[in-house]
1. Determine, at each q value in 0.17, 0.18 (inverse angstroms), the log₁₀ of I(q)/I(0) that the Debye formula gives when each Cα of segment 17-97 is one equal point scatterer.
2. Summing Lys, Arg as +1 and Asp, Glu as -1, what charge do residues with Cβ under 12 Å from the Cβ of Arg110 carry, Arg110 excluded?
3. Between Gln81 and Trp118, what's the calculated FRET efficiency when r is the beta-carbon distance and R0 is 30 Å? Round to 0.05.
4. Just by accessible area at a 1.4 angstrom probe, what is the order of Arg112, Arg35 from largest to smallest?
5. Please list, by residue number, everything in segment 55-73 whose backbone N is under 17 Å from a paramagnetic label point 7 Å out along Cα→Cβ of Glu22.
6. Given a 1.4 angstrom probe, what's the average accessible area per residue across segment 22-119, in square angstrom?
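The values are calculated or read from the model by the stated rules, or taken from the named source; none is laboratory data. No experiment lies behind these values; they were computed from the predicted model shown. Here Cβ is always computed from backbone atoms with ideal geometry, including for glycine, and neighbour counts include all displayed protein chains. All accessible areas refer to the heavy atoms of the entire protein, side chains included, with ligands and DNA or RNA removed. Shrake-Rupley method; radii C 1.70, N 1.55, O 1.52, S 1.80 Å.
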Amino acid sequence: MQQAIPYRNWAPTSSPPASVREQVAEKPVVVFARRGCCMCHVVKLLLHGHGVYPSIFHVDDHNEAEVNEELSKIIGAAAPQLPAVFLAGELFGGIEKIMGAHISGELVPRLREARALWL
C-alpha cells in the first residue's frame, strides 16, 4: 500500500508565472486585468463568449509598477490603461477597442489572425 504524501511536504510542479514579455510573445491572446475590475471582467466574458480563452495576467498593487514598466517597453509608449488586450504579440487595445471591434465585426477576423480561433 502506498503512503499518502502530507500536504505540507508536497511541492507543486508547476513553473513560476512567465514574465510579461514572455506571455505577450508566446500567447495568441493576453489580457492584462486588475482583479475586481468590472471592465476587465467584461473583456474576459466577451472573449470567452467567442470561444477564446486568453492568458490572463492579473495586475494588483504589488506588481503594478513593474507590469506598467514592462508594458511601456513592449509598446514603446506609456503603459496602456487596463484592461489591455494583446493579440499575436501586439497591443490591440482596451475595452473601447474590443467592444468597437466586436460591434463592427472586426474582432473575429483579428482573433483568427492571432490564431486564437480555429473556426
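1. Calculated log10 I(q)/I(0) at the listed q: -0.59, -0.67.
2. Working: positive: Lys97, Arg112, Arg115; negative: Glu90, Glu106, Glu113.
Its environment carries a net charge of 0.
3. Result of the calculation: an efficiency of 0.50.
4. Descending order: Arg35, Arg112.
5. Only 55-58, 67, 70-71 pass the distance filter.
6. 58 Å²
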